[in-house]
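Peer 1: Pasting in a structure now, in C-alpha cells, and then I'll have a few things to ask.
The values are calculated or read from the model by the stated rules, or taken from the named source; none is laboratory data. Since this is a predicted model, take the numbers as computed values, not measurements. Every residue, glycine as well, gets a Cβ built from its backbone with ideal geometry; the counts of neighbours run over all protein chains shown. Keep in mind that these areas ignore ligands, DNA and RNA; they rest on the heavy atoms of the full protein, side chains included. Shrake-Rupley method; radii C 1.70, N 1.55, O 1.52, S 1.80 Å.
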Amino acid sequence: MKKIISIITILAIGAFIGNMLNIGLSHAKYWQSLAPIDFMKFFAIDFPLLLVPTAVTLLPAWLGSLWLFLKSEKKSETKKYWLFAFIGLTLTILQTSIYHLPMNLDFIALKYDAATASSKLQDWVISHWIRIIIAIISGVYALLGFQNQTN
C-alpha cells in the first residue's frame, strides 16, 4: 500500500509541477503581453479554469506526502524525506492562499489601475517561480523518500 501511495504522490507532485510550469511559461507570458486592464478582464475568465488542475494535482500530492510521513518508521531517513516533501507542498499551499489567491481575486475585481496591475502581475510571476522551485524541491524529497522506503 505504501508503495502505491508513494507512486501516486510522486505522480501528483510531477503533475502539479507541470501545471505550475504551464502557468509560468505560457499563461503568465501571455498575461504580461496584454495591456494591464485587458489582462485583468481576461484573468477573470482564465483563473477559474486554472483552479481545477491545480487542486486535482496538489491535493493528492499533499495528502499523500502527509500520509507517507506519518506511516514511515520513526527517526528514519524516509520519514525525514517525506516530511520535507510535505513541508514544501504545505509552503506552496500557504503561498497560494496568503499571497496569490487574494491578488487573483483583486485582479478579477479590477481593483488596480493599469500601473499597479502591471507591477502586481510582475511580482505575482516572480512569486510563482518561487512556488515552482519549492514544488520541484518537494518532488526531489519525495523521490528520495520513495527510494529509501521499505515496502
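Peer 1: So which residues in region 38-55 are open to solvent by 60 Å² or more (accessible area, probe 1.4 Å) and touching a helix residue (DSSP H, G or I) at 6+ places or on another chain (Cβ under 8 Å), if there are any at all?
Peer 2: Across region 38-55, the qualifying residue is only PHE42.
Peer 1: How many residues does region 19-37 contain that are surrounded by 13 or more Cβ atoms within 10 Å (Cβ to Cβ) and either more than 19 Å from the chain's Cα centre (by Cα) or free of Cβ contacts under 8 Å to residues at least 24 places away in the same chain (or both)? Full working, then the answer.
Peer 2: Going residue by residue through region 19-37, those that are surrounded by 13 or more Cβ atoms within 10 Å (Cβ to Cβ) are 19-24, 27-28, 31-32, 34, 36-37.
Next, from what is left, pick out any that are either more than 19 Å from the chain's Cα centre (by Cα) or free of Cβ contacts under 8 Å to residues at least 24 places away in the same chain (or both): 22, 27, 32, 34, 36-37.
Total meeting the criteria: 6.
Okay, residues lined up against (1) under 30 Å from ASP38 (Cβ atoms); (2) at pLDDT 95 or above; (3) in contact with a helix residue (DSSP H, G or I) (Cβ under 8 Å, 6 or more places away or on another chain); (4) not polar (S, T, N, Q):
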residue	(1), (2), (3), (4)
PHE69	no, yes, yes, yes
PHE86	no, yes, yes, yes
THR90	no, yes, yes, no
HIS100	yes, yes, yes, yes
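Peer 1: When the residues of region 101-118 are filtered to those that are touching a Pro at 6+ places or on another chain (Cβ under 9 Å) and of a type outside the set (A, V, I, L, M, F, W, C), which remaining residue is surrounded by the fewest Cβ atoms within 10 Å (Cβ to Cβ)?
Peer 2: ASP113
Peer 1: Right, next: For region 119-132, name all the residues that are closer than 10 Å to THR92 by Cα and either open to solvent by 10 Å² or more (accessible area, probe 1.4 Å) or small (Gly, Ala, Ser) (or both).
Peer 2: The answer is ILE130, ARG131.
Peer 1: Note down all Cβ pairs under 9 Å where the first residue falls in region 110-131 and is over 15 Å from SER33 (Cα atoms) and touching a residue at least 24 places away in the same chain (Cβ under 8 Å), the second is part of a helix (DSSP H, G or I) and among the basic types (Lys, Arg), and they're at least six residues apart or on different chains.
Peer 2: Close Cβ pairs (under 9 Å, with a partner that is part of a helix (DSSP H, G or I) and among the basic types (Lys, Arg)) amount to LEU110/LYS41; TYR112/LYS120.
Peer 1: With (1) without any contact (Cβ under 8 Å) to a residue 12 or more places away in the chain; (2) open to solvent by less than 40 Å² (accessible area, probe 1.4 Å); (3) among the hydroxyl-bearing types (Ser, Thr, Tyr) as the list, and SER97 as the residue in question, which single condition is left unmet?
Peer 2: The single condition SER97 does not satisfy is (2).
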